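*Asks:* Quick one: this structure, given as structure tokens, is what I'll be asking you about.
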Amino acid sequence: MKTKLFLTFVFVFISLNILAQSGWTLCNAPAFGNRVDDIFMVDTQIGYAVSGDGRIVKTTDGGNNWITLNQDTNIYCRSVEFINTQKGFVGGFPLWDTLTSNVLRMTTDGGMSWTDLSPLLDSSARKGICGLAIPDSNTIYGCGNWYEDSAYIVKSIDGGNTWSFIDMHTYAAHLIDMYFLNKDTGFATGTGLPPIYTAVILYTTNGGQSWTYKYQDSLIGYCWKIQHLTDQIYFASIEDGSAVPARILKSTDGGMSWSVHIVYPAYQNIEGVGFIDSLNGWTGGGFYHSFETHDGGFTWDTIQACLEMNRVFKVNDTLLFASGFEIWKYSRSPTGIYSVTREVIPHASINCYPNPANKNLSIDLTLLKSTRTMIVLLDETGKRVNIIDNTNKPKGVYKYQLDTSKFSPGIYHVVLKTHEDDQAVQVVITH
């Protein structure tokens, strides 16, 4: 049996002076009530970040200090991207099933005010925007959905004034992240088609009218974030849905083919990934540590920087940021040596019993935050055989009963997916 989180407070005591000497420093930002899902630096001084507690924050001093511009606690903010210092977009997901506002917002005054673009979107796209890509000042792409099996892309060719809808359900079940080289050519990451939802990378050269698969995994999971390092070198992360080694993907031919690199021999949540050059990079997503490599991803060591890493953003050859539980800054010329003690609290836990299960399986879920809750039962091959729940829920304790008599005896996985994380419990069904 494997569980990834436990319903206990996890205290992580970190001596940051070692990290500062190695290039990492912790930025002075608000105390976020949830993960910082995305970060975007317009230049070396001005940048924006968004978090799961509905917060949009900004820095004007190179990331050393961040202030809150806006907060909508009804929205889990997932993505942010700017055209210039004044005009940018934020994508998110509603935390309540009846809410369809603010899933896509635009600012033209550096974040002082925001316009809700949700009414301009196709009704199918108002479930949420997970990833953004802005190749030029007129062309903006957004992708979703993260929970429903209804992948889509929204696109604007006039700077955000009007939006078209691209139905992606024939290519993917979910879309997470995007990167476009120009207005027509780009990549989208996510999960492939049922019955086995495997990690995929999609590629288009005609502005999203048609797509080809550049990577398809053999295991259930999500291709999470993608990074364009050079014209030839790309990296992408894989968040797996079962107990397999932690992995990332690397391309050395412009994203046309991808190789798998093992980060950790056991299961470890992998979401964020980013390199500052062809050799030195970081990845992570778990509560306990992140990882760094100095040989292009072939070998990795654990580090205590940026737990719950979800985005790594390279500014230039000497400056990089990572967002997760907090906002971190990496510089090749580190400054500031200090120590802090802090606490990391898991967002959710799931417990399944009895195990093995004969006729009934009890599932206990505890949420420490309001979030989207999707619980599914997968067979040993990764095929989805039952959806136990798929709704937005406030924090609290929930109990489910699953009739296992209708399933064949064997090994199964109960998978919990929330906005912040995923975890799986292996169960055995007997008759």
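*Asks:* Please specify each residue of region 377-431 satisfying the condition of being part of a strand (DSSP E or B), surrounded by fewer than 18 Cβ atoms within 10 Å (Cβ to Cβ) and among the hydroxyl-bearing types (Ser, Thr, Tyr). Can you show your working first?
*Replies:* Start the filter on region 377-431 by keeping residues that are part of a strand (DSSP E or B), which leaves 377-379, 383-393, 396-403, 410-417, 422-429.
Next, only the ones that are surrounded by fewer than 18 Cβ atoms within 10 Å (Cβ to Cβ) stay: 383, 385-387, 389-391, 396-401, 403, 410-411, 426, 428.
Those that are part of a strand (DSSP E or B), surrounded by fewer than 18 Cβ atoms within 10 Å (Cβ to Cβ) and among the hydroxyl-bearing types (Ser, Thr, Tyr): 391, 398, 400.
*Asks:* Still on this structure, please answer the following. Step by step: first the residues of region 370-404, then only those that are at pLDDT 95 or above and hydroxyl-bearing (Ser, Thr, Tyr), then the one that is nearest to residue 425 (Cα to Cα). Which residue is that?
*Replies:* 400
*Asks:* Now for a different question. Name the single residue that is farthest from the chain's Cα centre (by Cα) among those in region 57-105 being among the basic types (Lys, Arg) and over 26 Å from residue 25 (Cα atoms). I'd like the intermediate steps shown before the answer.
*Replies:* Pass one, region 57-105, residues among the basic types (Lys, Arg): 58, 78, 87, 105.
Filter once more, so that each one left must be over 26 Å from residue 25 (Cα atoms): 87, 105.
Details: 87: 23, 105: 19 Å.
The qualifying residue farthest from the chain's Cα centre (by Cα) is 87.
*Asks:* Let me ask something additional. Any chance you could count how many residues in region 24-68 are among the hydroxyl-bearing types (Ser, Thr, Tyr), touching a Gly at 6+ places or on another chain (Cβ under 8 Å) and assigned to a loop (DSSP other than H, G, I, E, B)?
*Replies:* From region 24-68, those among the hydroxyl-bearing types (Ser, Thr, Tyr) are 25, 44, 48, 51, 59-60, 68; that's our starting set.
Subset that is touching a Gly at 6+ places or on another chain (Cβ under 8 Å): 25, 44, 48, 51, 59.
Going one step further and asking which of them are assigned to a loop (DSSP other than H, G, I, E, B), we end up with 44.
Total satisfying the criteria: 1.
*Asks:* Taking the condition of a type outside the set (Lys, Arg), at pLDDT 95 or above, on the phi > 0 side of the Ramachandran plot and touching a strand residue (DSSP E or B) at 6+ places or on another chain (Cβ under 6 Å), does residue 142 pass?
*Replies:* Working: of a type outside the set (Lys, Arg): yes; at pLDDT 95 or above: yes; on the phi > 0 side of the Ramachandran plot: no; touching a strand residue (DSSP E or B) at 6+ places or on another chain (Cβ under 6 Å): yes.
Taking the combined requirement at face value, the residue does not satisfy it.
*Asks:* Looking at 117, 95 in this structure, which one is more than 23 Å from residue 186 (Cα to Cα), modelled with pLDDT of 95 or more and touching a Lys or Arg at 6+ places or on another chain (Cβ under 9 Å)?
*Replies:* Working: 95 fails: modelled with pLDDT of 95 or more.
That would be 117, the only listed residue that is more than 23 Å from residue 186 (Cα to Cα), modelled with pLDDT of 95 or more and touching a Lys or Arg at 6+ places or on another chain (Cβ under 9 Å).
*Asks:* Go through region 386-414 and give me each residue that's in contact with a Phe, Trp or Tyr (Cβ under 8 Å, 6 or more places away or on another chain) and either assigned by TED's automatic domain parsing to the domain that holds residue 194 or within 14 Å of residue 350 (Cα to Cα) (or both).
*Replies:* 388, 389
*Asks:* Report every pair of residues separated by at least 6 positions or lying on different chains whose Cβ atoms are under 9 Å apart, first residue within region 43-56 and over 26 Å from residue 94 (Cβ atoms), second part of a strand (DSSP E or B).
*Replies:* Hits for this filter: 43/315; 44/315; 44/316; 44/319; 45/59; 46/58; 46/59; 46/82.
*Asks:* Yes or no: region 212-233 includes at least one residue that is small (Gly, Ala, Ser) and modelled with pLDDT of 95 or more.
*Replies:* If we filter region 212-233 for residues that are small (Gly, Ala, Ser), which is where we start, we get 218, 221.
Filter again for modelled with pLDDT of 95 or more, leaving none.
No: zero hits.
*Asks:* Hey, any hits in region 115-122 for a residue that's under 21 Å from residue 72 (Cα atoms), outside the structural domain of residue 373 (by TED's automatic domain parsing) and in contact with a Gly (Cβ under 6 Å, 6 or more places away or on another chain)? Talk me through it step by step, then tell me what you get.
*Replies:* The first filter runs over region 115-122 and keeps only residues under 21 Å from residue 72 (Cα atoms), leaving 115-121.
Remaining after also requiring outside the structural domain of residue 373 (by TED's automatic domain parsing): 115-121.
Imposing the further condition that a residue be in contact with a Gly (Cβ under 6 Å, 6 or more places away or on another chain) reduces the set to none.
No; the residues of region 115-122 include none that is under 21 Å from residue 72 (Cα atoms), outside the structural domain of residue 373 (by TED's automatic domain parsing) and in contact with a Gly (Cβ under 6 Å, 6 or more places away or on another chain).
*Asks:* To continue, here is another question. Wholly within region 195-252, which strands (runs of 3 or more DSSP E) include no fewer than the required count, namely at least 3 residues that are aromatic (Phe, Trp, Tyr) and either over 21 Å from residue 144 (Cβ atoms) or in contact (Cβ under 8 Å) with a residue 12 or more places away in the chain (or both)? Please lay out each step first, then the result.
*Replies:* On the way: elements: 198-204, 212-228, 234-240, 246-251.
Correct list: 212-228.
*Asks:* Restrict the check to region 150-162 and report whether at least one residue is modelled with pLDDT under 95, within 18 Å of the chain's Cα centre (by Cα), farther than 16 Å from residue 135 by Cβ and aliphatic (A, V, I, L, M).
*Replies:* At the first step, the residues of region 150-162 found to be modelled with pLDDT under 95 are 150.
Those still in the list that are within 18 Å of the chain's Cα centre (by Cα) too: 150.
Pick out the ones that are also farther than 16 Å from residue 135 by Cβ and you get 150.
Next, from what is left, pick out any that are aliphatic (A, V, I, L, M): none.
Within region 150-162, not a single residue is modelled with pLDDT under 95, within 18 Å of the chain's Cα centre (by Cα), farther than 16 Å from residue 135 by Cβ and aliphatic (A, V, I, L, M).
*Asks:* Specify which of the listed residues (297, 285) is on the phi > 0 side of the Ramachandran plot and in contact with a His (Cβ under 8 Å, 6 or more places away or on another chain). Lay out the reasoning, then the answer.
*Replies:* Numbers: 285 fails: in contact with a His (Cβ under 8 Å, 6 or more places away or on another chain).
Only one candidate qualifies: 297.
The values are calculated or read from the model by the stated rules, or taken from the named source; none is laboratory data. Worth saying up front: this structure is predicted, and the values here are computed from it rather than measured. Neighbour counts are summed over all protein chains in view; Cβ atoms, including those assigned to glycine, are modelled from backbone coordinates with ideal geometry.
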